[in-house]
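Notes follow the structure.
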Amino acid sequence: MQVPPFSLGEQLRQLGDALDSAVLEVLRSGQYIGGNTIAGFEQSFAAACGTPHAIGCNSGTDALILALRGLGIGPGDEVITTSFSFFATAEAISAVGATPVFIDVEDDTYLIAIDRIEAAITPATRALMPVHLFGRPADMERICAIAAAHELRVIEDCAQASGAHWAGQPVGSWGDAGCFSFFPTKNLGAAGDGGAVVCRDPALAQRMRELAVHGMPRRYLHTDLGYNSRLDALQAAVLNVKLPYLGSWVEQRRAIAERYQRELDDLPGIALASIGPEGHSWNQFVVRVPRCPSSGVACAGRCAPSSDSADFGLPEACCRDWLKQQLQEAGISTIIYYPIPIHRQPAYANLGYGPGSLPVTERLCAEVLSLPIFPELTSAQQDAVIAALRQLVGADKSSAVAA
């Protein structure tokens, strides 16, 4: 059985007629930019996030940039965030002229280490940017309390966390702004790129809305240098069809994740993140391979000698890479999020983060592996994933790792 890491096939089968109708309605209307379709989605998405305002834009990256610009963050400012995330988290900070300041993550949650935040605050710090990674919400009560004590802004990177909650409150509604991606693999995915930023402050909402259309408060009046970053009506139409299903899709993801937790908890060589809060939306189910799946100890690079971790000053990733390869040969596709942390990327060499500067982050990048998870993953497909892992972990790999 072939098991993909993610598939839209069944979702398209279930919603195909509604999607076809919604897209065709937009095409016939001739209103491809702006209009009621986008306004309706923004209103519905804001309500789903527990905020009065949502501004659709071109991508999750642009959502972060609009939030930073809208809050007046720019050259000379520092924004504290995590390096264990997609590159866009830091890239958006740099795009507005500010400097990302990376702190380590927690070993058992993969999220920003809140206990380390205050030590990283300097006179130049203007904002905190927590990432709700893999759909797991960060502790926003603690983060917002630190921000309030130091008069800092909070921008939530919710790119992977549509449908997630902290303490019963939707992510994105805790900070000054919440930034979402509608990339097709997200919990709420469009048929291409798309994003949104949500907030409570009407003045901030208006500023971000103007920045998204060339700094234009009204037609042909430009009061600032902005961007061409609009969510188009075709994508909004797709999202309007899908949004009512987000809650049930997240529940299906949670059921799949809970089964993985039960079935994989006892496997040697495999480490699971802590179960976490009820509001986890499980965009990814990520395990760690910290030890040799065969022996339960370090294998000294025998598993997958082709691993290039050493090129970036990272811990050896051979065991994880070997397991990924073996699962692929068994028909199970997995994904590595993320093999190289942001602070070790060549684009940020100038910031001076050397090997070992964020040890937990660097170790996770050598160990993490995302298993197949999407709402329509069948029991038989999940059976195949679990069976393949059980067969591989503890099996004799001598033939597979011969020099």
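No value in this document is a laboratory result; all are computed from the given coordinates. Keep in mind that what you see is a predicted model, and the values were worked out from it rather than measured. Positions of Cβ are generated from backbone atoms using ideal geometry, with glycine treated the same way; all protein chains shown enter the neighbour counts.
Numbers for the structure displayed
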quantity	calculated
Inter-label distance for S379 and S21, nm, one decimal - labels placed 7 Å from Cα along Cα-to-Cβ	3.2 nm
Length released on extending from E278 to Q43, taking residue separation times 0.36 nm less the Cα-Cα span	82.0 nm
Potential lengthening between I146 and A255 on full extension [0.36 nm per residue; Cα-Cα distance subtracted]	35.9 nm
Cβ-based exposure ranking for H165, H214, in which fewest neighbours within 10 Å come first	H214, H165
Global form of segment 246-392, assessed from the alpha-carbon gyration tensor, a/c cut-off 1.5	oblate
Distance (nanometres) between label positions extended 7 Å along Cα→Cβ at D266 and M1	2.1 nm
Value of Rg/Rh across segment 1-61 [Cα atoms, Kirkwood radius]	1.08
Sorted by Cβ neighbour density within 10 Å, fewest at the top, the residues Y227, Y348	Y227, Y348
Rounded to 5, percent antiparallel among DSSP beta bridges of the chain	60 percent
Spacing of the two label points (7 Å from each Cα toward its C-beta) at T99 and Y245, in nm	4.7 nm
Cβ-based exposure ranking for I336, I155, in which fewest neighbours within 10 Å come first	I336, I155
Efficiency of FRET from Cβ geometry, Q325 and D107, R₀ 25 Å, rounded to 0.05	0.45
DSSP-defined antiparallel bridges as percent of all bridges, segment 42-138, nearest 5	10 percent
For segment 180-226 and segment 1-56, distance of Cα centres in Å	16 Å
Nearest-20 debye value, segment 246-392 charge dipole, Cβ charges on Lys, Arg, Asp, Glu	160 debye
Length released on extending from S29 to L12, taking residue separation times 0.36 nm less the Cα-Cα span	3.8 nm
Rounded if a/c under 1.5, otherwise prolate or oblate - segment 9-245, Cα gyration tensor axes	oblate
Share antiparallel - DSSP beta bridges, segment 9-245, percent rounded to 5	50 percent
